[in-house]
Amino acid sequence: YAMWHINSDGHHVPRLNGRRQQAGPGAAARDVAYACDGTVSRLTLDAAPAYFGAATADVVRRDVTFDHAAAEIRIADDVRLAEGLTSFELPIYLSDRDVAVEDGVCRIACGARTLEIVAGNLTLAAVERLELTDIRHRSTWGDAVRRLTFVAENVGEGAFSLTLRVRG
């Protein structure tokens, strides 16, 4: 679990006040709900136990909505912590492709299509190319992946979102 691609550092989950998600007993999400009406799928959950343990009164609500017809996914996080939220970082991992940023929108070319990532109350702070050394990961991802790191613009607001859509 110490390897970045195995623990929460290698997943699309936020670091809160520098804290990553933990594994094990008491770390399971709570208030998990899923619904699909045929064109829109929605998953909601409270991930606070993964950061602060099962007994926490803190809330780390995640809402993932996939509009199949629009080819759009919206990830919304709402964070309410007793200690206060001082930092929010959200990594997004992609295959090794060039990332263009224009007017706050990230665009990743994928053949004839383009993936657009639009951030709400987040700023793209870094785009990194990470070499993969594990042969199993290289067989799936290739020699490297790209990590886009988004950080809070107004951390006190506690609400953050990413909208991913396919164009073309």
Examine the range 135-157 for a residue that is part of a strand (DSSP E or B), more than 17 Å from the chain's Cα centre (by Cα) and among the charged types (D, E, K, R), and state whether such a residue exists.
-> no
Assuming Gly120 fulfils every condition listed in (1) open to solvent by less than 70 Å² (accessible area, probe 1.4 Å); (2) more than 22 Å from Ser41 (Cβ to Cβ) apart from one, which condition is it?
-> (2)
Using beta carbons and a limit of 6 Å, which pairs, at least six apart or on different chains, have the first residue in the range 82-111 and within 30 Å of Phe52 (Cβ to Cβ) and without any contact (Cβ under 8 Å) to a residue 24 or more places away in the chain and the second one of a type in the set (Asp, Glu) and part of a loop (DSSP other than H, G, I, E, B)?
-> none
Among Arg61, Arg129, the single one that is touching a Lys or Arg at 6+ places or on another chain (Cβ under 7 Å), in a strand (DSSP E or B) and basic (Lys, Arg) is Arg129
Test Arg42 against the stated conditions and say whether it is outside any strand (DSSP E or B), open to solvent by 50 Å² or more (accessible area, probe 1.4 Å) and not polar (S, T, N, Q).
-> no
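The values are calculated or read from the model by the stated rules, or taken from the named source; none is laboratory data. Predicted model only: the values in this text are computed from it and were never measured. Counting neighbours? That spans all protein chains shown, and the Cβs are built from the backbone with ideal geometry, glycine included. The area values use the complete protein model at the heavy-atom level, side chains included, leaving out ligands, DNA and RNA. Shrake-Rupley method; radii C 1.70, N 1.55, O 1.52, S 1.80 Å.
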